[in-house]
1. Given (1) modelled with pLDDT under 90; (2) part of a helix (DSSP H, G or I), identify the lone condition not met by G32.
2. Return the residue satisfying two criteria in turn: it lies in the stretch 77-98 and is closer than 18 Å to I35 by Cβ and of a type in the set (A, V, I, L, M, F, W, C), and of such residues it is surrounded by the fewest Cβ atoms within 10 Å (Cβ to Cβ).
3. With the condition kept exactly as written, say whether any residue in the stretch 48-60 is surrounded by 15 or more Cβ atoms within 10 Å (Cβ to Cβ) and not in a strand (DSSP E or B).
4. Which one is farthest from the chain's Cα centre (by Cα), of the residues in the stretch 62-76 that are surrounded by fewer than 13 Cβ atoms within 10 Å (Cβ to Cβ) and part of a helix (DSSP H, G or I)?
5. Could you give every pair whose Cβ atoms fall below 6 Å, whose first residue belongs to the stretch 1-30 and is touching a residue at least 60 places away in the same chain (Cβ under 8 Å) and among the β-branched types (V, I, T), and whose second residue is in a helix (DSSP H, G or I) and surrounded by 11 or more Cβ atoms within 10 Å (Cβ to Cβ), counting only separations of at least 6 or pairs across chains?
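The values are calculated or read from the model by the stated rules, or taken from the named source; none is laboratory data. As the structure is a prediction and not an experimental result, all values here were calculated from the model. A quick note on method: Cβ atoms are made from the backbone with ideal geometry, for glycine too, and the neighbour counts reach across all protein chains shown.
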Amino acid sequence: MEKDQPKVERVVSAIDCGQVVNPGILEQQQQGATIFALAHALRAKITIDKGHVVEANFDGYAPLRMSETPRVEAYFVPSTETPTGAGEPPVAPALCNAIYAATKRRIRALPILNS
């Protein structure tokens, strides 16, 4: 925690998606998906008002900046199974559990920094 706010320094992602055809691309996909999911867990949100999106551009939408992104390690289960989709990692539950383990404070709403 930094100034009573969570600061994620490292994320380890493991995936079993069958045979990995291109490990470099899958690693990049997992890193990008993790950072995108982390941004949503921490602070990015899309709100709807009278059927319209309020955050019309990046000035109202808060993705993580490069300086805020953690190191993301991606690992893959060796497999001879047919390749499948990779999907997005479950970052929000893992982050909320880590915050609880560190502070004994339960997070009940997302994004965390706007709760």
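1. Of everything listed in (1) modelled with pLDDT under 90; (2) part of a helix (DSSP H, G or I), G32 misses just condition (1).
2. Step one: filter the stretch 77-98 for residues closer than 18 Å to I35 by Cβ, giving 86-96, 98.
Still in the running and of a type in the set (A, V, I, L, M, F, W, C): 86, 91-92, 94-96, 98.
Values: A86: 19, V91: 21, A92: 17, A94: 18, L95: 20, C96: 18, A98: 13.
Per the criteria, the residue is A98.
3. no
4. It comes out as S67.
5. V11/T34; V20/L26
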